[in-house]
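I have placed the structure first, in the form of structure tokens, so that the comments after it can refer back to it.
The values are calculated or read from the model by the stated rules, or taken from the named source; none is laboratory data. For clarity, every value in this text was computed on a predicted model and none was experimentally measured. Positions of Cβ are backbone-derived with ideal geometry, glycine not excepted, and every protein chain shown enters the neighbour counts. Quick note on the areas: whole protein, heavy atoms, side chains included, nothing else; ligands and nucleic acids left out. Shrake-Rupley method; radii C 1.70, N 1.55, O 1.52, S 1.80 Å.
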Amino acid sequence: MDLGLKGKVVVITGAAGIKGSIGETILQHLAAEGAIPAVIDRNDRGFAYVEELQQKGIDALFCKTDVTNPEQIEKAIAEITAKYGRIDALINNVGVNDGAGLDASYEEFMDSLKLNMVSYFLTVKHALPYLKESKGPILNIGSKVGLTGQGGTSGYAAAKGGVLGLTREWAVDLIKHSIRVNAVIIAESWTPAYDTWIKTLENGEEKLKSIVKKIPLENRMTTPDEIADTCLFTISERSSHTTGQFIFCDGGYVHLDRSLLTE
């Protein structure tokens, strides 16, 4: 299916993660569709990723940015628009489950909100004049933690819950500009970060097996490729009358009846 993303300037935050991370996978899928990815991230891997794409003849841009710094976000959007003159879509993908729980300091809690939610607000704020011109969609990457809770991660849970609230608020706010706003909700996806977390646990393999058993569809984790496909469809014109939605790419993990569990 041609998603019609060829030549579209798509801003994506948090896409310079380790190879195989959700952001990096979305980046590769955007490039494969012929889009022009404009990456906003603090990690220098972004330079290498964009260079790899450019060597393949794919136009792309990396703006090294600390998304907890408002001035740097504004500068990144200015750099993107100075080069391309437009923004056709925006994917807010930043997310770090940082474990800022009830025992965290005020500063740690606020830092979690700044990274995981406030960065979404600021990126949209500065990109909005260009999105209004292009009627470009906004996609927020959410987490089941914002709906189900997890324990021990108050900052991340509050931020991801806030991201869902912003998704609905912006969908209402921007409907007059024909800007669609949606969120893709992720539950259990096998990424390098997930692998690292499992390896920190004393009973990691047992914990992993217990989680996988609870995923109703095929008792397996969602792949980053499946998430990327869902994201690209959602920002494309193939999804032209979808707005204000929370789209769960999770194998039924959050919603389906627990009677489906095998044990």
* **Selection from 23, 95, 232, by position along the positive dipole direction of the chain (Cβ)** => 232
* Structure fact -> Residue by residue through the range 238-246, the couplings from Karplus 6.51 cos²θ - 1.76 cosθ + 1.60 with θ = phi - 60°, in Hz, x for Gly and Pro, are 5, 10, 6, 10, 10, 8, x, 9, 9
* Structure fact -> Per DSSP loop assignment and a cutoff of at most 13 other beta carbons within 10 Å, the chain keeps its longest run without exposed trypsin sites (Lys or Arg not before Pro) at 136-219
* Structure fact -> Residues whose built amide H sits under 5 Å from the amide H of residue 248, excluding neighbours closer than 5 in sequence, are 185
* Structure fact -> Quick tally, 1.4 Å probe accessible area for 84, 120, sorted with the most first, runs 84, 120
* To do: State the percentage of accessible surface on the range 117-261 attributable to carbon and sulfur atoms; use a 1.4 Å probe and exclude ligands, DNA and RNA.
  => 54 percent
* Asked: Considering every pair of different Cα atoms, what Kirkwood radius, in Å, is found for the range 41-147?
  -> 15.3 Å
* Of 116, 172, 62, whose Cα points farthest to the positive end of the dipole of the chain (charges on the beta-carbon: +1 Lys, Arg; -1 Asp, Glu; origin at the Cα centre)? -> 172
* In square angstrom, what is the accessible area per residue of the chain with a 1.4 angstrom probe? -> 48 Å²
* Can you tell me the dipole magnitude for the chain around its Cα centre, using point charges on the Cβ only (Lys, Arg +1; Asp, Glu -1), in Debye to the nearest 20? => 640 debye
* Structure fact -> Amide H contacts under 5 Å for residue 143, restricted to residues at least 5 apart in sequence or on another chain and with H modeled in the peptide plane, are 186
* What's the angle, to the nearest 10 degrees (0 to 90), between helix 119-134's Cα axis and the longest principal axis of the chain? -> 40 degrees
* Return the lysines within reach of residue 213: Cα separation strictly under 28 angstrom, same-chain partners fewer than 8 residues apart disregarded; answer none if there are no such residues. => 19, 144, 160, 199
* Asked: Taking Cα pairs under 8 Å and at least six residues apart, what relative contact order does the chain come out at, in percent?
  -> 19 percent
* Rounded to whole Hz, the Karplus (6.51, -1.76, 1.60) HN-Hα couplings of the range 175-190, x for glycine and proline -> 5, 5, 9, 6, 9, 8, 9, 9, 10, 9, 9, 10, 10, 10, 10, 7
* Structure fact -> In whole Hz, the Karplus estimates of ³J(HN,Hα) for the range 72-77 (6.51, -1.76, 1.60; θ = phi - 60°; x where Gly or Pro) are 5, 5, 4, 5, 5, 5
* To do: Report the FRET efficiency, 1/(1 + (r/R0)^6), for residue 176 and residue 107, where r is their Cβ-Cβ distance and R0 is 45 Å, rounded to 0.05.
  => 0.70
* Residue with peak Gaussian network fluctuation, the chain [Cα springs, cutoff 10 Å], from 140, 203, 116 -> 203
* To do: Using label points projected 7 Å from each Cα along Cα→Cβ, tell me how many nm separate residue 48 and residue 218, to one decimal.
  => 3.0 nm
* Structure fact -> Expressed as a whole-number percentage, the relative contact order of the range 131-263 with C-alpha contacts under 8 angstrom and at least six residues apart is 31 percent
* **Under 20 Å from the Cα of residue 176 - lysines, other chains or at least 8 residues apart** => 125, 132, 135
* Asked: Is the shape of the range 90-229 rounded, prolate or oblate, going by the alpha carbon gyration tensor and its root eigenvalues a ≥ b ≥ c, with a/c under 1.5 for rounded and a/b larger than b/c for prolate?
  -> oblate
